[in-house]
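The values are calculated or read from the model by the stated rules, or taken from the named source; none is laboratory data. On a predicted model such as this, the values are computed, not experimentally measured, just so you know. So basically every Cβ, Gly included, is an ideal-geometry build from the backbone, and we count neighbours across all protein chains shown.
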Amino acid sequence: MAYLEFLAEFGSRFLDGSLITVAQFLLSAALAIAIALGFGLLKLARHWVVRGVATLYIELFRGTSLLVQLYWIFFVLPLFGLTLEKFTAGFLAVGMNLGAYGAELVRGAVRSVPKGQWEAAYALSMSPARRMWRIILPQALVIMLPGWGNLLIELLKATALVSLISVTDLMFEAKQVNSTTFLSIQAFGTALVIYYVFARFLLTPAMRRLELSMARRIGKA
Amino acid sequence: MFDWRWDFAWEILPRLIVATGNTLIAAGAGYLIAIVLGLVLALAQRTPLRSLSWIVREFVEFIRSTPLVLQIFFVFYVGPQFGVRLDPWTAGMIAIGLHYSAYLSEVYRGGFEAVPKGQWEACTSLSMSMRQTYVRVIIPQALPPSVAGMGNYLVGIFKDTPMLSVIGVAELMHAANAIGSENYRFLEPFTLVGIIFLAISLPSAGLIKLFESWVRRRIGID
């Protein structure tokens, strides 16, 4: 079968799958960013118990694999009375996992904001919350954005694992098409190319643009 | 506590430990492939042949920006379409080795770029051949700084091995899945798998950090 015919017949399934992948990506990215910010800042807290909680979370999620976490959330949590739908379980696992990696980015970036900035905010008698929000975080954001560019690509790739708990994402559709047609190159190849285009021609340029505009806004470019 | 059964946990532990051995073998073999292939990919990007280095560069980008689990399926299922039947282990090792070779080639690339220009000029002035220049001067200087950045990927490859279970490689996740569906109990196997992963990856991440800082000090980066 010519490739065009293949696309004509199965194109809509790849499109449906891609939309689910995009939804998984957006939801898990939002979750990862929130978790990264929360635990990254907690890890800088003064009290050792607070720092300990953050460290525990980060090491727990970075030390085991995403697939293990995904299966645990989907198959084991119901035993504790918490049954999640597969779609929810999918983006929760991906977001929580990548959030742990993001927390380290946030922590590193906040710590590398020059000390003078902290002192200046203190001298202007800003409250700690205001200092963090208005002075430190905007500068930390510029420092960590390149790291986030890489992390979001890892996150996009990680969403492919949700197909293993039967979320009907791009990966899942590719598998389905493969098992009905046995046209493996076409089925998996098409999915590979879609992931590649998404990562390389949408995500990467968008992050570059964001990096530039943020740097400009704090006067660094 | 929450219906956790210690007797069941003890009963399945030996089976999981055997599977852990397979996981470690898979991670080790995949890493070896990645180390060698990564160097090839890094060198291929440095050839004066513009078109070749461009193709390799795009290939590396492609591998790095698509999901490993999809690559595993691709390698496993595409072979039979051309009459080449790969067993799960071979397909898995090819896929995971290839995936990580793309990452390692970036590490090597950094190492090559860090070799001072004077070294190249010295080789030219001694009229060394290209081969001699690389083998005797450049690679020995480019590799040690790379070693200091390679450890993370060893832990990374270890944590990615559960994906091999999707094509039936009998590693840890595969064993846990099998135990779970034989006994209709997923709590103990999946929790133990998580604990085993933690117990291996946390200490080895620490050891690798120590080793890397030792290498750095040895070659005088820090």
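One residue stands out in the range B:80-108 among those that are surrounded by fewer than 21 Cβ atoms within 10 Å (Cβ to Cβ), closer than 15 Å to B:VAL169 by Cβ and over 12 Å from the mean Cα position of the chain (by Cα): the one that is farthest from the other protein chains (Cβ to nearest Cβ), namely B:TRP89. The single condition among (1) part of a helix (DSSP H, G or I); (2) modelled with pLDDT under 95; (3) not acidic (Asp, Glu) that A:LEU44 does not meet is (1).
Here B:GLU58 fits the description: within 11 Å of another protein chain (Cβ to nearest Cβ), modelled with pLDDT of 90 or more and over 18 Å from the mean Cα position of the chain (by Cα). Confirm whether A:LEU183 is at pLDDT 95 or above and within 14 Å of another protein chain (Cβ to nearest Cβ). In short, no.
Quick grid of which residues meet (1) touching a helix residue (DSSP H, G or I) at 6+ places or on another chain (Cβ under 7 Å); (2) of a type outside the set (Phe, Trp, Tyr); (3) assigned to a helix (DSSP H, G or I):
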{"residue": "A:LEU156", "(1), (2), (3)": "yes, yes, yes"}
{"residue": "A:ALA160", "(1), (2), (3)": "yes, yes, yes"}
{"residue": "A:VAL167", "(1), (2), (3)": "yes, yes, no"}
{"residue": "A:LYS175", "(1), (2), (3)": "yes, yes, yes"}
{"residue": "A:TYR196", "(1), (2), (3)": "yes, no, yes"}
{"residue": "A:SER213", "(1), (2), (3)": "no, yes, yes"}
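Please enumerate the residues belonging to the range A:119-154 that are in contact with a helix residue (DSSP H, G or I) (Cβ under 6 Å, 6 or more places away or on another chain) and more than 23 Å from A:SER213 (Cα to Cα). The one that is in contact with a helix residue (DSSP H, G or I) (Cβ under 6 Å, 6 or more places away or on another chain) and more than 23 Å from A:SER213 (Cα to Cα): A:ALA121. For the range B:87-101, indicate whether the set of residues that are at pLDDT below 90 and either within 18 Å of A:GLY189 (Cα to Cα) or of a type in the set (Ser, Thr, Tyr) (or both) is non-empty. Checked the range B:87-101: no residue is at pLDDT below 90 and either within 18 Å of A:GLY189 (Cα to Cα) or of a type in the set (Ser, Thr, Tyr) (or both).
For the range A:190-203, a residue qualifies if it is surrounded by 17 or more Cβ atoms within 10 Å (Cβ to Cβ) and more than 8 Å from chain B (Cβ to nearest Cβ), and the qualifying residues are A:THR190, A:ILE194, A:PHE198, A:LEU203.
Of the helices (runs of 4 or more DSSP H) lying entirely inside the range B:113-222, those containing at least 2 residues that are within 11 Å of chain A (Cβ to nearest Cβ) span B:139-160, B:172-183, B:187-219.
When A:MET144, A:MET96 are checked against the criterion of being more than 15 Å from A:LEU26 (Cα to Cα), part of a helix (DSSP H, G or I) and touching a residue at least 24 places away in the same chain (Cβ under 8 Å), a single residue qualifies: A:MET144.
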